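Heads up, the thing below is written out as structure tokens.
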Amino acid sequence: MLSNFLEGSESLFGSDVRTELRAQENIRTSVMLQKGNLVSNTRGVTSGVSARVCKNGVYGFASIPELSKEAANKVLMEATKNAQFLAMHTSASDSYKGVYTNKTISPDREIVTTAQKDIIDYCREVDEYIVKNCPNLASRGVRYSSDSMDKIILTSDAASGHVVYPRSYIYINATATGADGAPIDHYDVVGGVGSFDDYFKDFSKIQETVDKVYEEVMKKKEGVYAKAGLRDVILGGILPGMLAHEAVGHTVEADLVKGGSVAGPFLNKEVGSELVSMVDFANTAFGQQTPLPVYLDDEGIVAKDQVLIEKGILKGYMNNRDSANEYNMTPNGNARAWDFSDEPLIRMRNTAVLPGQSKLEDMIASIDDGYYLLGTNNGQADLTGEFMFGVSFGYEIKHGKLGKAILDTTISGVAFEMLKTVDMVSDDFTWSSSGFCGKKQIMPCGLGGPAIKCKVTMGGR
């Protein structure tokens, strides 16, 4: 973990500018076995210092791939020069009105690295378990992936602190051969925030996931194609979270609102049924830690929850300091940068649909002819809220009962229209945290939600 070599650098901050200084180290590790063969074994580290200085409403930025007091002093001088130069060529003024705490945030965990050999040996053990317990697979894959961000943040007029964000996962992939000879793929993932030892000392967790993936890929092998068209469905598993992130979350990031997203005209207006509420959680939800807790953003804002939709009404946007000033809102810690050389952007943290009061079995029983959709392997949406997600696992619903598994398909719709069709929301909840958001910079994000009953357009064969 980084030592605080930035201590005392505040003395170099200019009195007539707003300054952010950040030291950061990122570590990424990947190991992949395909049919028992080691096909990937990588570990990469990036580190350095960056500074961002605001003068008269414009920013100067500088970074250097070096972790030292001298590097910090250099980027501060360069960023200040850049800001002063830009300020001479603009008539803008810094109308920023926020007043923020000077609180100091301390790390809540450590970043612990594990030897590549130990990771490879563990993945081989998982592969051996698959070979022994999962017959008749055409192919199999085991992939370990971890990434971490270690940041020291100093600001001139907000909070400062040391924050660490490690996460570790193992992906299990199984491929069977369908009746027509086509490959049938299925996967699941184990892990979350923390290091290798936090999740993989207990081998039984991996065994449970392998067994589940194998059972479901065998069901998919005997699966049927979904019927195309507008259908009654229950979105379960990670699909409500994917909807919250891709189809709604991006439209309510204030920089994208300013760029013309569909959410702009809908503030304080109805965008869903009264059963739909949505929050971008900072670090705690429902009395427990979120899958990827954020305590301090890269502008020095102490992270708090941001309500997005409340009982169907669009209530707010995710902001950085400048957009919060422009929209007369409060920034709650959504300005985040992936690498030391990146400037902070407005990003999601743990975006989720809130649970309701319905029981899943009652939701299934309410559908005569539809689908229960549980898994996705991809998704995309645009600033109109129009979305299309791949569905990697699900079941038919016939006369209120689950039927056969379905083969891979898609769902599509327009978020603020589809959310108005929601008429049941379950009282349970599922988090997912293994993916990256790709808005200019990659960024780890959590997403989640209960099962929701609604209408979407299903793809067919």
- Task: Using the Cα centre as the reference, give the magnitude of the dipole from point charges on the C-beta atoms of segment 313-388 (Lys, Arg: +1; Asp, Glu: -1; all else neutral), rounded to the nearest 20 debye.
- Result: 400
- Straight-distance crosslink candidates among aspartates and glutamates, where the alpha carbon sits under 17 Å from Lys227 and sequence neighbours closer than 8 are dropped: Asp368, Asp369, Glu396, Asp408
- Using Cα pairs closer than 8 Å and at least 6 residues apart in sequence, work out the relative contact order for segment 140-288, in percent. 15
- Query: Per residue, what accessible area does segment 236-359 have, given a 1.4 Å probe and all protein chains present, in Å²?
  - Reply: 33
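Give me the compactness ratio for segment 146-213, meaning the Cα radius of gyration over 2.2 N^0.38 Å. Intermediate values should be presented prior to the final figure.
Details: Rg = 19.1 Å, N = 68, 2.2 N^0.38 = 10.9 Å.
Normalised by 2.2 N^0.38 Å, the Cα Rg of segment 146-213 equals 1.75.
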- In segment 75-178, carbon and sulfur make up what percent of the accessible area (probe 1.4 Å)? 50
- Simple spin-label estimate for Ser366/Asp427, 7 Å along Cα→Cβ, in nm, reads 1.4
- Note on the structure: Log entry: pair-distance distribution for segment 209-266, C-alpha pairs binned every 10 Å from zero, whole % per bin is 18, 26, 30, 16, 10
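I'd like the FRET efficiency for Met1 and Thr90, computed as 1/(1 + (r/R0)^6) with the beta carbon distance as r and R0 of 45 Å, rounded to 0.05.
My answer for the efficiency is 0.70.
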- Query: For the chain, with the dipole built from +1 on Lys and Arg beta-carbon atoms and -1 on Asp and Glu ones, taken about the Cα centre, which of Leu67, Gly390, Asn173 lies farthest toward the positive end?
  - Reply: Gly390
- Item | Charge dipole magnitude, Cβ of K and R +1, D and E -1 - the chain, Cα centre, debye nearest 20 | 440
- Message: Could you check the spin-label model distance between Gln289 and Ile120? Points 7 Å from the Cα along Cα→Cβ, value in nm.
- Response: 3.1
- Given Val257, Val279, Ser156, which one lies farthest toward the positive end of the charge dipole of the chain, if we put +1 on the Cβ of every Lys and Arg and -1 on the Cβ of every Asp and Glu? Val257
- Item | Contact order relative to length of segment 57-216, as percent, for alpha carbon pairs under 8 angstrom and 6 or more apart | 20
- If one takes the longest principal axis of the Cα atoms in the chain, at what angle in degrees, from 0 to 90 and to the nearest 10, does the Cα axis of helix 69-87 lie? 80
- Of Val58, Thr19, Val45, which is farthest on the positive side of the dipole of segment 1-107, counting Cα position, with +1 on Lys and Arg Cβ, -1 on Asp and Glu Cβ, and the Cα centre as origin? Val45
- Roll a 1.4 Å probe over the protein chains and send me the accessible area per residue for segment 26-171 in Å². 48
- Message: Students often get this wrong, so check it: of Lys212/Lys440; Lys401/Lys439; Lys311/Lys404; Lys311/Lys455, which have C-alpha atoms separated by over 29 Å?
- Response: Lys212/Lys440; Lys401/Lys439; Lys311/Lys404
- Message: Angle check, please: helix 116-133 long axis (alpha carbons) against the longest principal axis of the chain (alpha carbons), in degrees 0 to 90, nearest 10.
- Response: 10
- Task: Quick one: compute the contact order of the chain, relative version, from alpha carbon pairs under 8 angstrom and 6+ residues apart, as a percent.
- Result: 16
- Label-point separation in nm, Ser40 to Ser139, each point 7 Å along Cα→Cβ: 1.3
- Anisotropy class of the chain from Cα gyration tensor, a/c 1.5 cut: oblate
- Spherically averaged projected area of segment 1-50 from its Cα convex hull (nm²): 5.0
- Note to self: C-alpha centroids of segment 131-159 and segment 356-377 sit apart, in Å, by 30
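Carbon and sulfur together cover what percent of the accessible area of segment 338-434 at a 1.4 Å probe radius?
48
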- Message: Can you compute the charge dipole magnitude of segment 1-111 about its Cα centre, using +1 on each Lys and Arg Cβ and -1 on each Asp and Glu Cβ, nothing else charged? Give it in debye, rounded to the nearest 20.
- Response: 360
- Note on the structure: Quick note, segment 299-419: a/c under 1.5 would make it rounded; otherwise a/b > b/c is prolate and the rest oblate (a ≥ b ≥ c, C-alpha gyration tensor); here it is prolate
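The values are calculated or read from the model by the stated rules, or taken from the named source; none is laboratory data. Model, not experiment: these values are computed from the prediction. Note that each Cβ is placed from the backbone with ideal geometry, even for glycine, and that neighbours are counted across all protein chains shown. Just the protein is used for accessible areas: all its heavy atoms, side chains included, with ligands, DNA and RNA removed. Shrake-Rupley method; radii C 1.70, N 1.55, O 1.52, S 1.80 Å.
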